[in-house]
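The values are calculated or read from the model by the stated rules, or taken from the named source; none is laboratory data. Treat the numbers as computed from the prediction; the structure is a model and nothing was measured. Counting neighbours? That spans all protein chains shown, and the Cβs are built from the backbone with ideal geometry, glycine included.
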Amino acid sequence: MKIEVWSDYVCPFCYIGKKQLEDAIRAKNLEDDVEVVFKSYMLDPTTPTDSEVAVVDSLSRKYQVTPDKAQGMIDGIVARANEVGLAYDFSELKEENTLKAHRLVKFAETKGKANELNELLLNRHFVGGQRIGQDEVLVTLAKEVGLDEVEVKALLASNDFADAVQADIAESRELGVQGVPFFVINRKYGISGAQPKEVFEQALQQVAEEEGIKPGLKMQGNSSAGVCTDDGCNL
């Protein structure tokens with residue numbers, strides 16, 4: 001089973017949705033049967049790379065509401081994240097241009113490190129308040145997942161993998177994606193938004209049945225304790 005996920009690193013619901021999907025996969029014991037592929041999406045490609053605008057002010061401007069109203073929106077997001085075990089902290093968050101982050105993940109994909117870096121970017125942004133649009137932060141995170149510092153710095157100084165990012169975005173438009181997170185299962189079913197875990201579980205169950213996937217049992221306790229096999233008993 002293949003699940004493609006369109007998301008952006010400044011989308012708070014993308015991390016929540018990712019967590020809900022992963023929890024659902026574990027609940028259904030489908031870890032060995034599901035391939036999750038993350039696709040690029042940019043909510044605002046026009047965000048300046050050197051922006052110092054706080055997220056609360058950015059929301060206030062974007063939705064034309066007062067700063068207090070924008071803070072209330074943030075408080076609601078933080079509460080939602082807490083429900084799934086994510087400790088969001090918007091106190092130091094600035095708006096970010098995510099093109100370099102997406103390009104870096106495309107590079108990481110060639111090294112088998114895309115999923116690790118994807119998780120780290122989301123976590124360090126929403127939980128750690130780090131500037132994931134800045135080169136020095138991206139280099140540090142890349143090194144944490146085992147990428148070569150020299151290669152990463154060269155990548156960030158270039159425009160490599162920008163075409164791959166734009167291809168993902170173009171593909172999302174072809175599929176009718178209008179917001180993220182957006183989940184596509186086997187190019188047959190679509191799930192929009194950070195849905196409850198139960199919604200993902202139902203979708204996974206349906207596709208598993210269609211494909212004849214029979215998840216293995218989740219073993220509990222000591223598998224060798226008090227067991228008799230054809231060869232005798234474990235006394």
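Quick notes
- Scan of region 109-119 for residues that are charged (D, E, K, R), within 18 Å of Glu151 (Cα to Cα) and not in a loop (DSSP other than H, G, I, E, B), ordered by number: Glu109, Glu116
- If you go through region 178-190 and keep only what is closer than 17 Å to Pro12 by Cα and surrounded by fewer than 20 Cβ atoms within 10 Å (Cβ to Cβ), you end up with Gln178, Gly179.
- In the set Thr66, Thr49, only one residue is β-branched (Val, Ile, Thr) and in contact (Cβ under 8 Å) with a residue 60 or more places away in the chain; that residue is Thr49.
- Residue count for region 64-78, restricted to those that are of a type in the set (A, V, I, L, M) and under 22 Å from Leu21 (Cα atoms): 2
- Within region 87-99, being within 16 Å of the chain's Cα centre (by Cα) and either hydroxyl-bearing (Ser, Thr, Tyr) or crowded, with 20+ Cβ neighbours inside 10 Å (or both) holds for Tyr88, Thr98.
- Candidate set: region 37-61, residues that are of a type in the set (D, E, K, R) and loosely packed, with under 12 Cβ neighbours inside 10 Å; chosen: the one modelled with the highest pLDDT: Glu52
- Considering Val5, Val10, the condition of being among the hydrophobic types (A, V, I, L, M, F, W, C), assigned to a loop (DSSP other than H, G, I, E, B) and surrounded by 19 or more Cβ atoms within 10 Å (Cβ to Cβ) is satisfied by Val10 alone.
- The listed residues are Ala81, Ala70, and the only one of them that is surrounded by 14 or more Cβ atoms within 10 Å (Cβ to Cβ) and closer than 22 Å to Leu121 by Cα turns out to be Ala81.
- Taken over region 46-70, the criterion of being touching a strand residue (DSSP E or B) at 6+ places or on another chain (Cβ under 7 Å) and of a type outside the set (D, E, K, R) is satisfied by Ser51, Val53, Ala54, Val55.
- Residue match in region 79-96 (condition: farther than 20 Å from Lys19 by Cα and not in a loop (DSSP other than H, G, I, E, B)): yes
- In region 120-164, the residues that are under 26 Å from Ala81 (Cβ atoms), in contact (Cβ under 8 Å) with a residue 40 or more places away in the chain and in a helix (DSSP H, G or I): Leu121, Leu122, Asn123, His125, Phe126
- Residue that is surrounded by the most Cβ atoms within 10 Å (Cβ to Cβ) [pool: residues in region 16-36 that are of a type in the set (D, E, K, R) and not in a loop (DSSP other than H, G, I, E, B)]: Lys18
- Among the residues of region 144-187, the one identified as within 19 Å of Leu121 (Cβ to Cβ) and of a type in the set (Lys, Arg) is Lys153.
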